[in-house]
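What follows is a set of notes on a single structure, which appears directly below.
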Amino acid sequence: MLRIETRRYLRVGLAAFTGLAGLAVLNGPAQATTPVPLSAAGSVAIWGPGDTGDGLPSPSLTEAQARVAYTKVVANGFSSAIGLTAAGKVETFGQSIFGVAPPASLANQRVVDIAGGQQEDGAAVTADGHLVTWGMGSEAWLTNLPSASELTNLTAISVATTEGIAAAVKSDGSVIAWGKPNPDRGQLNVPEGLAGVASVTVTGSNIYAIKSDGTAVAWGDDASGQTNLPAVLTDTGDDLDVIDVVSSGNNAVALLSDHSLVAWGSQTAPGENNAVPAELEGKQVAAITNASNAYEAVDTDGNFYVWGAGASAVAPSMIQPPVGVDPADISYLAANDYNMMAVFEAVLPAAKPTITGLAKVGQTLTATLGTFSGEPEEITGQWLRNGSPISGETGATYKIVSADAGKKISYRSTATKGEETASSESAAVTPSAGAVSGSKPTISGTVKVGHRVSVNRGRWTSGTKFAYRWLRNGKAIKGATRSSYTPVAADAGRRLSVRVTGTKSGYTSASKTSSARTVAKGTLSGAKPWIKGKAKVGQKLTAKRGHWTAGTKIHYQWFANGKKIWHATKATLKLTKKFKGKKLVVKVTGTKSGYKTLVKASKPTAKVRR
């Protein structure tokens with residue numbers, strides 16, 4: 001057994017380490033662990049003998065990949081690996097020997113679990129429950145896939161590469177297994193009625209299912225008691241749950257919810273090489289894996305432990321994380337013969353913040369904070385204009401102002417935990433100029449010549465400035481640009497309307513025109529005339545018209561006993577003998593362009609006497 005303490009080696013019970021002889025076939029370590037929760041997610045680190053010149057180069061992350069939170073990482077080749085980000089995207093690390101990669105269509109789908117093969121083969125379970133595979137396609141679990149109708153509603157997957165077996169969990173808790181076992185040990189014979197499964201571990205000899213109630217079920221080879229699970233793994237009455245299972249063929253180890261380990265199968269009795277080391281008693285194990293026919297574990301203090309039949313073949317560099325990786329933060333562990341890989345808890349971006357709302361001046365945008373791994377203590381937000389903070393705008397909503405038109409508006413979330421800080425930024429939106437919004441105006445008042453009318457503009461965007469234009473039969477009336485207008489004679493019988501134009505900085509202007517109304521003729525105002533003078537032959541009578549509407553033309557007509565007196569159309573009338581005994585009346589007629597004619601008659605005089 002070998003234990004490696006954080007940042008220093010401590011050898012226990014091993015004669016010596018052996019190097020790796022060329023490109024040997026991978027021993028096909030079990031791929032079991034489902035992705036860790038967001039709280040335990042973080043950075044990916046990959047290391048191994050290639051880093052010290054003893055083997056192939058270890059897969060490395062690009063700078064962009066290193067700034068993203070991951071929930072799982074698995075090997076899928078000698079010097080390649082695939083990772084699952086907390087945002088549900090698949091990333092590939094390292095060197096491609098065979099030139100294969102995940103299909104481009106996977107970039108547009110959210111992935112919930114991944115598994116890796118030998119020749120850069122891989123599998124992904126999408127959020128809608130489908131299986132997406134890629135690679136050279138020579139492995140039996142890829143060449144013997146079930147029908148597409150069977151591979152639906154999936155939630156998790158595990159692969160044993162060298163044995164050509166794969167299994168997946170369905171959303172109803174059932175398990176489907178496929179491939180071409182070599183040899184066939186009954187791994188594809190899923191127990192009838194098995195349900196309630198959350199995850200599976202596929203090994204060369206067995207398949208182990210971890211159920212939602214924290215218990216485990218095993219099937220396949222039982223030559224060494226692999227399916228004879230310890231009672232603690234099957235007891236639904238205790239307080240311990242099974243977290244993970246790994247296997248080296250004829251034996252297996254389970255990680256329990258109290259961070260302890262339990263082993264079963266061949267050579268797992270105390271003192272035998274596959275037994276859980278005594279040094280781990282009382283330790284809190286954070287994660288386990290297996291490679292090179294050996295088990296590897298890390299405890300919550302960051303100490304590595306290696307044991308099992310193949311422990312002597314594990315190179316020292318496999319269990320010495322690179323500088324900058326604190327083993328105490330490891331939450332997920334995986335390995336193949338050439339590399340150790342881990343997820344270690346850190347505050348890193350998971351899902352980016354998002355912005356919703358209409359990107360237009362005057363409208364309000366709403367942001368949703370991004371999510372982060374590593375349980376940050378605080379997440380804050382900041383609105384940005386062309387990448388620079390907008391002063392005072394740190395809330396969830398932001399009202400777009402005129403200065404934002406044509407600029408890139410985004411939202412940045414920043415997470416902090418102690419001295420750790422991480423930020424992520426939403427996709428930017430580019431607001432267009434706002435559009436002034438207004439009601440259709442109406443004309444208030446009696447629409448007739450000489451009567452002042454005004455515009456009722458209704459409701460408009462706050463802060464709008466207005467311009468007016470009165471229209472006669474749809475054409476602009478010269479000089480009529482105020483909010484009120486008095487129709488003139490030229491408007492009589494025509495259609496009068498008013499156009500209101502609203503303008504505001506940062507907004508496109510808007511014009512609204514009222515419904516047209518026909519202009520009626522004006523109404524003249526005139527006094528009742530009276531006659532001045534004596535009704536006596538030889539005298540002169542004078543008609544007094546009184547006050548009339550300004551600009552009115554006045555016409556007179558005299559009447560004798562109700563009959564029109566021809567040519568008596570002046571304001572005065574000379575009384576001759578012919579008028580003797582008759583009563584005289586004068587009618588005053590007022591006319592004005594655009595107005596109705598008005599006639600007013602005086603009271604009759606007394607009878608004209610001699």
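With a bin width of 5 angstrom, please list the P(r) values of the stretch 490-604 as percents of all Cα-Cα pairs, from the 0 bin to the one holding the largest distance.
Reading upward from the zero bin: 2, 10, 16, 15, 10, 9, 7, 6, 5, 5, 4, 3, 3, 2, 2, 1, 0, 0.
Expected output is a single nm value to one decimal: the length gained when fully extending between Asn108 and Thr508, i.e. 0.36 nm times separation in residues minus the C-alpha distance. What is it?
140.3 nm
Work out which GluC sites (Glu not before Pro) in the chain are exposed loop sites (DSSP not H, G, I, E or B, at most 14 other Cβ within 10 Å) and give the longest gap free of them.
Excluding the exposed sites themselves, the longest stretch runs over 420-610.
So how much accessible area does Leu188 have, in Å² to the nearest 10, using a 1.4 Å probe?
Leu188 exposes around 60 Å² with every protein chain in place.
Give the long-range amide H neighbours of Leu524: residues separated by 5 or more places, or on another chain, with amide H under 5 Å away, using H modelled in the peptide plane at 1.01 Å from N.
Hits under the 5 Å cutoff: Lys596.
Count the net charge of all other residues whose Cβ sits under 12 Å from the Cβ of Gly77, scoring Lys and Arg as +1 and Asp and Glu as -1.
-4
Report relative contact order for the chain in percent, whole number only (criteria: Cα-Cα under 8 Å, sequence separation at least 6).
10 percent
Taking θ = phi - 60°, what integer Hz values does the Karplus form 6.51 cos²θ - 1.76 cosθ + 1.60 yield along the stretch 344-352, in sequence order, with x for Gly and Pro?
10, 4, 7, 7, 9, x, 10, 7, 6
Please give the Cα centre distance for the stretch 380-451 versus the stretch 210-247, rounded to the nearest Å.
Taking the Cα centre of each part, the stretch 380-451 and the stretch 210-247 sit 56 Å apart.
Can you pull the three principal axis extents for the Cα set of the stretch 381-484, in Å, largest first?
So the extents along the principal axes, rounded to whole Å, are 80, 21, 17.
In whole Å, largest first, what are the principal axis extents of the Cα atoms in the stretch 316-439?
Largest to smallest, the principal-axis extents are 77, 29, 21 Å.
Is there a quick way to get the dipole size of the stretch 222-282? I mean about its Cα centre, with the Cβ of Lys and Arg at +1 and of Asp and Glu at -1; what is the value in debye to the nearest 20?
260 debye
Considering only protein heavy atoms, what per residue accessible area in square angstrom results for the stretch 284-349 with a 1.4 angstrom probe?
Using a 1.4 Å probe on heavy atoms only, each residue of the stretch 284-349 averages 21 Å².
Going through the stretch 469-528, which trypsin sites (Lys or Arg not before Pro) have at most 13 other Cβ atoms within 10 Å and a DSSP loop state?
Here the sparse-neighbourhood loop sites are Lys478, Arg482.
For the stretch 134-222, just the Cα atoms, rotate onto the principal axes and tell me the three extents in Å, largest first.
37, 31, 19
Excluding Glu393 itself, calculate the net charge of residues whose Cβ lies under 12 Å from the Cβ of Glu393, where each Lys or Arg counts +1 and each Asp or Glu counts -1.
Charge balance near Glu393 sits at +2.
Give me the dipole magnitude in Debye, nearest 20, for the chain about the Cα centre, with unit charges on the beta carbon: positive for Lys and Arg, negative for Asp and Glu.
The calculated dipole for the chain is roughly 18460 debye.
Run a plain Debye calculation on the stretch 243-385 (Cα atoms as equal point scatterers, no solvent) and give log10 I(q)/I(0) at q = 0.09, 0.15, 0.21 Å⁻¹, rounded to two decimals, same order as the q list.
-0.41, -0.77, -1.26
Would you rank His555, His567 by solvent-accessible area, highest first, keeping every protein chain in place and using a 1.4 Å probe?
I get His567, His555, largest accessible area first.
How large is the Kirkwood hydrodynamic radius of the stretch 435-505, in angstrom, based on all distinct alpha carbon pairs?
Evaluated on the stretch 435-505, it is 12.7 Å.
What stretch of the chain, leaving out the sites themselves, is the longest with no chymotrypsin sites (Phe, Trp or Tyr not before Pro) in a DSSP loop having at most 15 other Cβ atoms within 10 Å?
Maximal segment without exposed cleavage sites: 99-565.
Suppose R0 equals 41 Å. What FRET efficiency, 1/(1 + (r/R0)^6) with r the Cβ-Cβ distance, do Thr368 and Phe98 give to the nearest 0.05?
The formula returns an efficiency of 0.50 here.
For Thr203, which sequence-distant residues (separation of 5 or more, or a different chain) have an amide H within less than 5 Å of its own amide H, given hydrogens modelled in the peptide plane?
Amide H neighbours of Thr203: Tyr208.
Quick one: 3J(HN,Hα) in Hz for the stretch 189-203, Karplus 6.51/-1.76/1.60 with θ = phi - 60°, rounded, Gly and Pro as x.
Once θ is set to phi - 60°, the couplings for the stretch 189-203 become 8, 4, x, 4, x, 4, 8, x, 7, 9, 8, 9, 10, 9, 10 Hz.
Percent of alpha carbon pairs in the stretch 336-384 separated by more than 17 Å?
Of all Cα-Cα distances in the stretch 336-384, 55 percent exceed 17 Å.
Find the Cα radius of gyration of the stretch 31-141, compare it with 2.2 N^0.38 Å by division, and give the number to two decimals.
Ratio of Rg to 2.2 N^0.38 Å for the stretch 31-141: 1.03.
Excluding ligands and nucleic acids, what accessible area in Å² is computed for Asp235 using a 1.4 Å probe, to the nearest 10?
Approximately 70 Å² of Asp235 is accessible to the 1.4 Å probe.
So how strong a dipole does the stretch 490-549 carry about its Cα centre when Lys and Arg Cβ are +1 and Asp and Glu Cβ are -1, to the nearest 20 debye?
440 debye
From the helices alone, meaning DSSP H stretches of at least four residues, give me the mean residue ellipticity at 222 nm for the chain, per-run term -39500 (n - 2.57), in deg cm²/dmol to the nearest 500.
Taking each H run of at least 4 residues, the total per residue is 0 deg cm²/dmol.
If only Cα atoms are counted, what is the Rg of the chain, and what is its Dmax, in Å?
Cα radius of gyration and Dmax of the chain are 47.7, 164 Å respectively.
Can you tell me the Rg and Dmax of the stretch 197-319, counting just the alpha carbons, in angstroms?
My reading of the Cα-based Rg and Dmax gives 13.6, 42 Å.
Quick one: what are the phi-derived ³J(HN,Hα) couplings along the stretch 81-89, Karplus 6.51/-1.76/1.60 with θ = phi - 60°, whole Hz, x for glycine and proline?
8, 10, x, 10, 7, 5, 8, x, 10
Taking only the alpha-carbon positions of the stretch 222-293 and ignoring solvent, what does the Debye formula give for the base-10 log of I(q)/I(0) at q = 0.17, 0.25 Å⁻¹?
Debye output, listed in q order: -0.61, -1.30.
The stretch 308-360 to the stretch 508-527: how many Å between their Cα centroids?
78 Å
What fraction of the DSSP beta bridges in the chain is antiparallel, stated in percent and rounded to the nearest 5?
Within the chain, antiparallel bridges account for around 95 percent of the total.
Have a look at Thr442, Thr503, Val323 and report the one farthest towards the positive end of the charge dipole of the chain, computed about the Cα centre with Cβ charges (Lys/Arg +1, Asp/Glu -1).
Thr442
The values are calculated or read from the model by the stated rules, or taken from the named source; none is laboratory data. Keep in mind that what you see is a predicted model, and the values were worked out from it rather than measured. Cβ: placed from backbone, ideal geometry, glycine included. Neighbour counts: every protein chain shown. Side chains are part of the model used for accessible areas, which takes the heavy atoms of the whole protein and leaves out ligands, DNA and RNA. Shrake-Rupley method; radii C 1.70, N 1.55, O 1.52, S 1.80 Å.
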